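Engineer: Pasting in a structure now, in structure tokens, and then I'll have a few things to ask.
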Amino acid sequence: MEKPTLNSLLNTTYPIIIAPMFLVSNTKMVIEGMKSGVAACIPALNYRTLEELKEAIYELKAAKVPGGSFGFNLIVNKSNIKYKEQLRILCEEGVDFIITSLGSPEETINEAHKAGIKVFCDVTDLKFAKKVEELGADAIIAVNNEAGGHRGNIAPEVLIKQLNEGTSLPVISAGGVGNKQELEKMLSYGAIGVSIGSPFIASVEAGVSDEYKQACVDYGAKDIVMTERISGTPCTVINTPYVQKIGTKQTWLENLLNKNKSLKKWVKMIRFMIGTSAVTKAATQATYKTVWVAGPSIQHSTEIGTVKSIVEKFVK
């Protein structure tokens, strides 16, 4: 059976999702993305309150145009204590799609489907892809070893092939797309579309400081390193002098606490909160404590442009 295209799944003009990025994504970016003929997604965690999340949905619904589509990303594991309420709001108010990350998407798939919402699940390997296929996901987002933030361990070509051969689900590739040539490469491997994040950090509409945006222009692929110091899960960041100073490995105390089964969950939650706070400060204000999350595809960011001009680089 032939797999649907991303354009047919989301009624978009181009096979692109602007990836959900903590702090970076906002309604302005999504609206400009929709106007440019692509889908775009915001982490539900970018909104502190459920009321703010609702307001964002109202704004996006009012601004929706043919050829564009909007969705939200849900962290579906226990570290996100707001998850159930966020899911309820998304289903009640209605969105085009939900992307799930870091946990079992079972409840999200069941509830979203009742509301007519499509669910795409982040996966990093075939084992998890098969699980989400059984649960009824509409597509899988293949997070490869070139992605920004929490990335996978498998090269895009290998991962897309494994998922296409091992499941019947459409595969959307995430990671390693900074220009049109790289986008076409992912499609040639068998992806129905791509999820692109880091190139949109250096956009006028992104909700972060000018310093963060400029860093994505000034630094390149060789400056991206993995750190365990943010969320407890390895994450890619720009190797700024501050990151070099604090190091990228967990401290001996964090290591010890993480080995204690009864404490591990709480340690991860506290680490997540501390790390998130550090990233928030660095992303929204000029500070010497610069922890800027990004992926190697910033290599192709040569200026701070509009979302429209960045989309055009991929499709024109």
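Engineer: List every residue whose amide H lies under 5 Å from the amide H of Gly193, counting only residues 5 or more places away in sequence or on a different chain, with H placed 1.01 Å from N in the peptide plane.
Structural biologist: It is Ser173, by chain and number.
Engineer: Classify segment 94-231: rounded, prolate or oblate, from the alpha-carbon gyration tensor (a ≥ b ≥ c, eigenvalue square roots; a/c under 1.5 rounded; otherwise prolate if a/b is larger than b/c)?
Structural biologist: The shape class here is prolate.
Engineer: While we're looking at this one, here's another question. Ala221 to Lys161: extension gain in nm, 0.36 nm per residue of separation minus the Cα-Cα distance?
Structural biologist: Stretched out fully, the Ala221 to Lys161 stretch lengthens by 19.1 nm.
Engineer: Can I ask one more? Of Lys78/Lys131; Lys82/Lys118; Lys35/Lys61; Lys3/Lys130; Lys130/Lys316; Lys28/Lys84, which ones are farther than 24 Å apart at the Cα?
Structural biologist: Flagged as over cut-off: Lys130/Lys316; Lys28/Lys84.
Engineer: Another question, if that's okay. Rounded to whole Å, give me the distance from the Cα center of segment 162-215 to that of segment 1-25.
Structural biologist: One Cα centre to the other: 10 Å.
Here, each number is a calculation from the coordinates, and none is a lab measurement. Please read all numbers here as calculations on a predicted model, not as lab measurements.
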